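Each reported figure results from applying straightforward, stated rules to the coordinates on display, with no laboratory input. This structure is a prediction, so every number in the text was calculated from the model and none was measured. Quick reminder, even Gly has a Cβ in these numbers, built from the backbone with ideal geometry, and neighbours come from all protein chains shown.
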Ligand code: CP
Ligand code: NVA
């Protein structure tokens, strides 16, 4: 049986298809057990620190609740000395002496790499500019839960395809044999080298990677995915992103264009689908519309699984922590 104990989780590039499917199986089992009120103390006696440079609702809460459910002690740290008064290296050396596992959300992928190199304990990437691997575990868990399978499904990502979400969805699709299509303007296509590598991998797994700025590419989608147009740390690029991405909004016309009335809608959240946030209100005042990457109609439609997907963050993050740090995680699998 797969054994991931001691491993870090920085990007799905480091994980085989079998290892990813093992994490999804573990997440399904942990979810089913939790629904019946069963927990396992897989993280009993473990101390975990959650280090945040960027804001969060789901990721922070998922790591905390998952840790508590399985018996861990959790520290949330968003105002550390790291980077300001103390180097990342020194911070990692200190945290590695206190904690059994470290979650990091922030800007540079090099920071999570440094945490791995210097702390000596498993490190989990809770989002960097480049990747959001725990998110796409929840996404593929949701796809499999809904359709009963993953391989061969067509996933269309509409929007800013060169960021953490576009990269991570392309990677997980290639790993698991899905057909990944980025519907995006050329200016926001992912890094060419990553695309080439994922195309080669997809050839082996039976999947594919397509980039297109023509809406016909959404035809046949099983799942349509989008993300906010301006990611954390890029707030000064709002004007340019609105100009580039307005034609790529997920709306009823785009969903109809899939030709598949059963196509599901997914979003990592948070989402600007109405005027009920400070930012979307400001956008409405300046540009005259508040619905950005997705319309309220699609967001609230029966095809939208965004809150199942959000819940699955908890179970899939629990699976990652239990698999890499847990006391005998495989004892709960048949
Ligand atoms: N999807 C996601 O990562 O949400 P948070 O930013 O709220 O953690
Ligand atoms: N691309 C988004 C994802 C948020 C979960 C961001 O980085 O802000």
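Between residue 90 and residue 216, what length in nm is gained on full extension when 0.36 nm per residue of separation is reduced by their alpha carbon distance?
40.3 nm
For the chain, what does -39500 (n - 2.57) per DSSP helix run (n ≥ 4), summed and divided by total residues, give at 222 nm, in deg cm²/dmol to the nearest 500?
Calculated at 222 nm, the ellipticity per residue is -13500 deg cm²/dmol.
Can you compute the label reach from residue 287? Point 7 Å from Cα along the Cβ direction, backbone N cut-off under 16 Å, restricted to segment 144-184.
Counting backbone N atoms under 16 Å from the label point, the list is 158-161, 184.
Zone of residue 242 (label point 7 Å along Cα→Cβ, backbone N under 17 Å): which residues in segment 149-187?
It comes to 160, nothing else.
Between residue 234 and residue 262, what FRET efficiency follows from the Cβ-Cβ distance if R0 is 35 Å, with the result rounded to 0.05?
Approximately 0.55, to the nearest 0.05.
For 154, 113, what's the fewest-to-most ordering of other Cβ within 10 Å of each Cβ?
Taking fewest neighbouring Cβ atoms as first place, the list is 113, 154.
Kindly express, to the nearest 10 degrees and within the range 0 to 90, the angle between helix 306-325's C-alpha long axis and the longest C-alpha principal axis of the chain.
30
Ranked by Cβ crowding within 10 angstrom, fewest neighbours first, how are 98, 307, 104, 76 ordered?
307, 98, 76, 104
Gain in length, residue 205 to residue 145, computed as 0.36 nm per residue apart minus the alpha-carbon separation, to one decimal in nm?
Additional length available on full extension: 19.6 nm.
Arranged by the count of other C-beta atoms within 10 angstrom, fewest first, what order do 186, 318 take?
186, 318
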